[in-house]
Each structure stands twice: as structure tokens, then as C-alpha cells.
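See below for the structure under consideration.
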Amino acid sequence: MIEFENKENSAEVGAEIDESIQGQPMMVAPLSNGSKKLYLESYGCQMNFADSEVVASILSENGYSTTRNIDEADVILMNTCSIRDNAEQRVRNKLSQHNKRKKQNPELIIGILGCMAERLKKDLLEQEKLVDLVAGPDAYRELPSLIQEVETGQKAVNVLLSREETYADIAPVRLGKGGVTAFISIMRGCDNMCSFCVVPFTRGRERSRDPESIVAEAKDLFANGYREVTLLGQNVDSYHWNITKKGDVIDSEKPVVNFARLMELVAQVDPKLRVRFSTSHPKDMTDEVLGVMAKYHNICKYIHLPIQSGNDEILKKMNRGYTSEWYMNRIKAIKRIVPEAYISTDIITGFCGETEEQHQDTMKLMQEVGYEFAYMFFYSERPKTLAARKFEDDIPLEVKKRRLNEVQDLQHNLAFDAHQRTVGKICEVLIEGVSKRSKDHLFGRNSQNVTVILPRENYKPGDYVNVMVDEFTSATVSGSVVK
Ligand code: 5AD
Ligand code: SF4
């Protein structure tokens, strides 16, 4: 799961993400139909953003149009994240600002969606009285009736988690800018129970979405001018349809679809539709998936493979289900089967009991892999998780932060080296929009997910161009179009 957030205890090196996403809640684009106005903010991971598109779709069917102007909102919904404590603090701060607004306009409805809904329903609704409505990740179909309940003067809540809900039949309303790249959610929930992670508690059990609806969504996006889809799941490698996790076929009359096959089906929609995916799990990533990546030019050569720690004892305490040796074997498989792929990772510093040597093991592994990107965080204990129940959160904050700085510095250098290696090379770039720094330049990404800046000329978002790279920083590369 890649997150948009880039706050105090997290950092991203190498990846350039749209300013409106990074560090800011994602505000949605206006929708025209409907008389009542919905102001929707999305925090946290890509999955939350994809969910907000489902929410916008459900509510647009019920007379709501979205607005970017909070002053005209009848309903404010915040799609929240619980992954680390500071993510929750940000939402709480924003929530008190929204409540000031409600004092002036008592009719205003304020609701919480997503992971915090599940985790904090009682506190937010009953004790702190900060919200009127709470809906968990599997309850979005109920939103119209929950809003109605609030309109009749009651507080409304539904945080039931489902084993089936995938919102497969709902056509998300595309809220991102640009109209070139989109997310497609292929599964929900997570069964892994990594000891530090709150996600299995907030988003429930893993379930896969019907492949036909996924391919139909990809086709529809392509027909509407989109040129890149990212298949989203907490652990995409365990996507399974008509087949059990053990590999037994459920109905021999129907096709079996695992992640490799699903990716192939989406890649076949059109050679001009790029396919990305996130997130892979080292214990489940198969050579079959890598083989499909190698076979299709339009499957991007980029893998996000979170390691979390380079030390086996810590990995065991994290309940990650692999050792550093297993992980390095997966890296070797990537380098053998998809040699041009760039690899990124997630790192947590200062997990319970982590010694200086164990921290050094993480640094060594990072160097050995030579990651092109990394998302790095210091450990934040989450209530209910295995780690919170079993281990002491005993690493002082300043040590966690110092170790985070060390891995960030190292990653900065690794990304710099990676970008240096691209100088003089030609890469295919899908143009996404106008550069933030200069209106005479465009930006896009190459297959390896590196942001590339190029002169605007007459190109437009959605165009594929070949760029010869001549300059770089640790965050981006730039060059000119080769005709
Ligand atoms: N503290 C710090 N980082 C965490 N992550 C998940 N839970 C925690 C936590 N409690 C990080 C992991 C995961 C990424 C999405 O967020 O690195 O891969
Ligand atoms: Fe959390 Fe682990 Fe599932 Fe990722 S794979 S969502 S880190 S439990």
C-alpha cells in the first residue's frame, strides 16, 4: 500500500507526487448533477482515494454534487487514515476546524469515513461529539440512508465489516486531475496480520473483486482517454478468483484468475493502456507475475516490494512471513526476469526492541538492493495490533527519528545514483500534466515510475513521447523529446 501522505514521521525519496496529494488532503473535482453539495476530503493511501471515488458515485446517484468550495457544503465527509498516530492527529485537527463551521451553520452535516471510522466511532460520536455520521469502509452503500438519519436529528453509524463487499458494480466517479491515470481497486482488506499494522482491524478480511468488472472498468477508462491504470490491493499477489488460497479450483466450469492472469487480462485491453500495481508482498510474489510483467511492454517495470526491516529477528516479530534471505531471492528473481525494473520499498525504523545492529542490517539490505525509491516511517504503536499487545514500544522517539534520518539520507543517495544512471538514455514517458515549477514544461513518468520533466512544445496529457534524459536530481529527471 503506497501512501500519499508525507508527514512528520514519514518521508518519500525519489517519488514526486502531485502537490495536491502530498501532505494535503485530496479535494475532489466538482460534479455537476445534484442539488445538494458534498465536500469530500481523502487522507492516507491510494485505496482511500479510490474509495472516495466510489462514495462520490453512490452519492451522485442520490442528488449530491461535489464541490471544492467548503463554504457551500451541505455535507462534509472526511475519508480518514489510521495507519500512524500522526495521520489521525491531522484528521482530528481538521475536524475541529470543520466543527467551528458547524457552530455558524448548525445544518451542516459532518461525517467520518474510512479507517478512523472503524477505530474511533465511539470517541468521535459519543464522547467528543465531533461528528454526526460515521461510516466504515464497507458501509458506503448505506451513506444516503445514514445522511437521511442525520437529517432527522439522529446520529448515524455503520461500521460493519463485510466478507463480500467489493463495490464491483459501482462505477467510480473519477476525481483526480488530468484524466490520464486512474486507480482500480481489485481487492479489499488484508489477512496478513503484520504485527505493527492496524489495517486488518480497520478494513477487515481480504476479498477479491470479480475480474470481469475489473477488466470492464479498465476498458471504460481507456475509452474515456485514460492511459494508465494502477491495480490496487493491500496484497495484490494474493488476488484469487474461483480458486482457494491453497490453490484448489472452486468451480471447474469457470475460469480461474490469479493476480498474474488478472494483470495479463488488463494488459490486453490495449497496448496503449499502461498497467501498474500496488502493493506486492515478498512472501507471495511469484515468478509467474514477473513473467507476465516481462511479456507485456505496457505493464510498467516498477515493483513496490516493502521489506520493513532487514533483520530476521525483527521481521519475525513483525510477523512478515519471510526472512531477509527469502526477500533477497525475490529481488534476484526480479533482476533475472525483469532486469529493467525499478524497485521501491517501505521501511519502519525503531520497531519494538530494535538494536543499533538490527538497524544497520536494514541499511545494509537497502544498499544491497539499491532501491530507487523508498517510503520510510518511524514506528508508531497502533492500538489492538499484535505488537501493541505483545511488545513494548521501547525505542525512544529521538532514536526512532535519528534512525529514520539515516535511512532517508541513504535512500537519497541511492535515488540520486539511480537517476544518474538514466542520463544519456532514452525512456518512454506518458505525459500527465503541466510541471508545477514551469508552465513551459510538462511532467510524466517513465515505465520505471521516475518523474520526467520535458519542454511543453505541442504535447498534451495522455501523449506518449520518447525522452533523452540529460539532467537529474534525487527526485526527478529531465530531458528533451527524441522524435
Ligand atoms: N508505524 C509505522 N509505519 C507503519 N506502517 C504500517 N503500520 C505502521 C506503523 N504502525 C507502514 C508500513 C507499511 C506502510 C503502508 O506503512 O511500512 O508498509
Ligand atoms: Fe498491513 Fe501487512 Fe496487510 Fe500491508 S500486508 S496492510 S502492512 S497487515
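The values are calculated or read from the model by the stated rules, or taken from the named source; none is laboratory data. All of these numbers come straight from a predicted model, not from anything done at the bench. Note that we place each Cβ from the backbone using ideal geometry, even for glycine, and neighbour counts take in every protein chain shown. Note: accessible area is taken over every heavy atom of the protein model, side chains too, but ligands, DNA and RNA are not part of it. Shrake-Rupley method; radii C 1.70, N 1.55, O 1.52, S 1.80 Å.
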*How big is D for the chain, in µm² s⁻¹ as a whole number, if Stokes-Einstein is applied with the Kirkwood radius of its Cα pairs at 4 °C and 1.567 mPa s?*
56
_Checking a compactness column here: for segment 301-420, what do you get for Rg(Cα) / (2.2 N^0.38 Å), N being the number of residues?_
1.06
*Residue-span extension gain [T152 to K439] - 0.36 nm each, minus C-alpha spacing*: 98.4 nm
*asked:* Only bridges whose two residues both fall in the chain count here: according to DSSP, what percent of them are antiparallel, nearest 5?
replied: 40
_With n ≥ 4 as the cut-off for DSSP H runs, can you work out [θ] at 222 nm for the chain, using -39500 (n - 2.57) per run divided by the number of residues, rounded to the nearest 500?_
-10000 deg cm²/dmol
_Please list, in order, the residues from segment 376-404 whose amide nitrogen is less than 18 Å from a point placed 7 Å along the Cα→Cβ vector of Q89._
376-383, 393-404
*Considering only Cα-Cα distances, which of the following residue pairs are longer than 28 Å: K102/K122; K94/K121; K400/K425; K245/K316; K177/K295; K295/K364?*
K400/K425; K177/K295; K295/K364
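Counting Lys and Arg as +1 and Asp and Glu as -1, what is the net charge of the other residues whose Cβ lies under 12 Å from the Cβ of P211? Display every interim value, and only then the final one.
Numbers: positive: R209, K254, R261; negative: D210, E212, E217, E264.
Summing Lys and Arg as +1 and Asp and Glu as -1 gives -1.
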*In a shell of Cβ-Cβ distance under 12 Å around K122, excluding K122 itself, what net charge do Lys and Arg (+1) and Asp and Glu (-1) give?*
0
*Could I have the simple spin-label model distance between K460 and K103, label points 7 Å from Cα toward Cβ, reported in nm to one decimal?*
4.9
_Using θ = phi - 60° and Karplus 6.51 cos²θ - 1.76 cosθ + 1.60, couplings along segment 263-279 (whole Hz; Gly, Pro as x)_ = 4, 5, 4, 6, 5, 7, 4, 6, x, 8, 9, 6, 10, 10, 8, 6, 10
*asked:* Taking the alpha-carbon distance from K436 and a cut-off under 14 Å, which aspartates and glutamates remain once sequence neighbours fewer than 8 residues away in the same chain are dropped?
replied: E16, D18, E19
*Using the C-alpha atoms of segment 365-483, what convex hull volume per residue, in cubic angstrom, is computed?*
147
*Local charge sum around R276 (other residues, Cβ-Cβ under 12 Å, Lys/Arg +1, Asp/Glu -1)?*
+3
*Ordering of 356-368, 189-201 by burial proxy (mean other Cβ atoms within 10 Å per residue, highest first)*: 189-201, 356-368
_Cβ-isolated cysteines (cut-off 4.7 Å), the chain_ = C45, C81, C115, C190, C300, C352, C427
*Using θ = phi - 60° and the Karplus relation 6.51 cos²θ - 1.76 cosθ + 1.60, list the HN-Hα couplings for segment 460-473 in order, rounded to whole Hz, with x at every Gly or Pro.*
9, x, x, 7, 9, 9, 9, 10, 8, 7, 10, 9, 7, 10
*What nm distance separates the two modelled labels at F416 and T355, each placed 7 Å from Cα along Cα→Cβ?*
3.2
*Which ³J(HN,Hα) values in Hz, rounded to whole numbers, follow from the phi angles of segment 336-347 under the Karplus curve 6.51 cos²θ - 1.76 cosθ + 1.60, where θ = phi - 60° and Gly and Pro get x?*
7, 8, 10, x, 7, 5, 8, 10, 10, 8, 10, 10
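Top to bottom by accessible area (1.4 Å), largest first, where do S82, S96 land?
Ranking S82, S96 by accessible area, largest first, yields S96, S82.
Could you tell me which of rounded, prolate or oblate describes segment 228-277, using a ≥ b ≥ c as the square roots of the eigenvalues of the alpha-carbon gyration tensor, with rounded for a/c under 1.5 and, failing that, prolate when a/b is larger than b/c and oblate otherwise?
Here segment 228-277 falls in the oblate category.
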*From the Cα gyration tensor of segment 426-481, with a ≥ b ≥ c the square roots of its eigenvalues, which class applies: rounded if a/c is under 1.5, or else prolate if a/b is larger than b/c, or else oblate?*
rounded
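When you count, for each residue, the other Cβ atoms within 10 Å and take the mean per peptide, how do 274-280, 329-335, 170-176 rank with the highest first?
274-280, 170-176, 329-335
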*How many nm separate the modelled label positions at D470 and D270, each set 7 Å beyond the Cα in the direction of the Cβ?*
3.3
